[in-house]
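Please read the structure below before turning to the comments.
The values are calculated or read from the model by the stated rules, or taken from the named source; none is laboratory data. None of these values were measured; they are calculated from a predicted model. All Cβ positions, glycine included, derive from the backbone under ideal geometry; neighbour counts span all protein chains shown.
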Amino acid sequence: MTASERPLRADARRNRESVLDAAGELFAQRGDAVQMDEIAERAGLGVGTLYRHFADKQALLAAIIGRRFEAMTALARAADENEDPWTAFETLLYGYLESAQADAAFRFALLGPADPRWNDIAAEKTDFSAITERIVRRAVDAGRLREDFHAHDFALITRGAMANMTGAADWRRHVALLLEGVSRRERIMPADAGPTSPS
């Protein structure tokens, strides 16, 4: 076990969580303009303590994403327990997006101009991706998603929806329109709808 893999002491864990909470608040308010010393001050810690946990802003952004992915993985596991493949897919998709809607710092970390250090959260990302791939494959195999739909398409849908979580944009409508294109649910016409006559 390397030094970076050893469990943190209780006080070190508290300091790390304080930094993440402070960074989350500041990134949500001001985006990429936030500086590391501001984060340390908001957390009530010295800059040196901050840098012992996070070497740079990219590492901090990755940690914000990683913390959210841990919660998303629990959500994905619960969704995967649903016997109906389409319900499992929708539960994961909307649960993911509702969680992201309430977490502006996560959206900034994922979509912002600075690239996070993905290697720092490889385990969290892998866990979430594996369950997402299984849920997507179940929906494809059941004929509820088009055959060429893959897990990376899930990421495209969620990123597009998150980009529409600002201002008056309606991300739910955005997702509903996309699902119309990728789902294979039968389109049932109203019972009283007769054949369309040529104009």
### Task
Answer yes or no as to whether PRO85 is farther than 27 Å from VAL182 by Cα, touching a residue at least 40 places away in the same chain (Cβ under 8 Å) and either in contact with a Leu (Cβ under 7 Å, 6 or more places away or on another chain) or assigned by TED's automatic domain parsing to the domain that holds VAL136 (or both).
no
### Message
Show the residue pairs meeting these rules: Cβ distance below 8 Å; 6+ apart or different chains; first residue within the range 167-179 and in the same structural domain as LEU97 (by TED's automatic domain parsing); second residue modelled with pLDDT under 90 and surrounded by fewer than 14 Cβ atoms within 10 Å (Cβ to Cβ).
### Response
none
### Message
Name the residue that is nearest to TRP86 (Cα to Cα), counting only residues in the range 120-133 that are in contact (Cβ under 8 Å) with a residue 24 or more places away in the chain and of a type outside the set (A, V, I, L, M).
### Response
THR132
### Complete set of residues in the range 50-67 that are farther than 14 Å from GLU38 by Cβ and assigned to a helix (DSSP H, G or I)
ARG52, HIS53, GLN58, ALA59, LEU61, ALA62, ALA63, ILE64, ILE65, GLY66, ARG67
### Task
Would you mind telling me which numbered condition in (1) modelled with pLDDT of 95 or more; (2) surrounded by 15 or more Cβ atoms within 10 Å (Cβ to Cβ) GLN101 fails?
(1)
### Query
Which residue pairs have Cβ atoms closer than 7 Å, lie 6 or more positions apart in sequence or on different chains, and pair a first residue in the range 91-117 that is among the acidic types (Asp, Glu) with a second residue that is assigned to a helix (DSSP H, G or I)?
ASP103/ARG68; ASP115/GLN58
### Message
Which condition from (1) among the small types (Gly, Ala, Ser); (2) free of Cβ contacts under 8 Å to residues at least 24 places away in the same chain; (3) in contact with a strand residue (DSSP E or B) (Cβ under 9 Å, 6 or more places away or on another chain) is the one that GLY160 breaks?
### Response
(3)
